[in-house]
Amino acid sequence: MTVVTVNGIEQKIQVDPTTPLLWVLREQLQLTGTKFGCGIAQCGACTVQVNGVAMRSCVTPVSAVAGQNVTTIEGLAPGPDELHPLQQSWIDEQVPQCGYCQSGQLMSAAALLAQNSSPSDDDIDGAMSGNICRCGMYSRIRKAIKSAAGVQQFEPSAVDFLEGETNG
Ligand code: FES
Ligand code: FES
């Protein structure tokens, strides 16, 4: 059994420990916002955060995140009635087209802004280079990140919020 905290909730997972985190999220926990694209760490569609760091869940065995905090797109917003600033700027800038890459894009962007609240274009391009968008929305993604960077405070995270709910 592998114990991992996902979006602030401790999960006890009975799977082969080599199972990719992506499939645990999608099939065991029904968190289908995280997408399968390539399966070989080349597209970024499966990006989640592990302890706040963007990670490709398709090539991460669930055993590698035992005891860690995983955040998925379902846990990005700070609360049920509140969007993460990036989600709002994604809407404002009309970033999504087909949408398939977008959860991965948002998780990478959120990890960037948590580390760098005022990223340059080069910072953004570097952090987002592993997230492929077949619809070619790169300029809107960059604009939305810069827009969100002017907005806020990226803490408390969804994990903090949900832990507060659980503990309270
Ligand atoms: S599905 Fe994981 S990087 Fe493409
Ligand atoms: S919005 Fe379609 S792949 Fe990015």
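Any read-out appearing in this document is the output of simple, stated calculations on the displayed coordinates, not a laboratory observation. Since the structure is predicted, the reported quantities are computational estimates derived from the model, not experimental observations. Neighbour counts run over all protein chains shown; Cβ positions are idealised from the backbone, glycine included.
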Study note, to complete from the structure: Looking across the range 3-38 at residues that are of a type in the set (Val, Ile, Thr) and free of Cβ contacts under 8 Å to residues at least 60 places away in the same chain, the single one that is nearest to Cys133 (Cα to Cα) is Thr32
Practice item. Would you check which residues across the range 84-142 are over 25 Å from Val70 (Cα atoms), of a type in the set (A, V, I, L, M, F, W, C) and within 16 Å of ligand 1 (Cβ to nearest atom) and list them? Key: Cys98, Cys135
**Study point:** Filtered residue count, the range 22-38, keeping only those that are more than 16 Å from ligand 2 (Cβ to nearest atom) and more than 13 Å from the chain's Cα centre (by Cα)
**Key:** 7
Point to revise | Single unsatisfied condition, Gly8 versus (1) touching a helix residue (DSSP H, G or I) at 6+ places or on another chain (Cβ under 6 Å); (2) within 12 Å of Gly104 (Cα to Cα); (3) of a type in the set (Gly, Ala, Ser) | key: (2)
**Study point:** Positions within the range 84-103 being more than 17 Å from the chain's Cα centre (by Cα) and polar (S, T, N, Q), in sequence order
**Key:** Gln94, Gln97
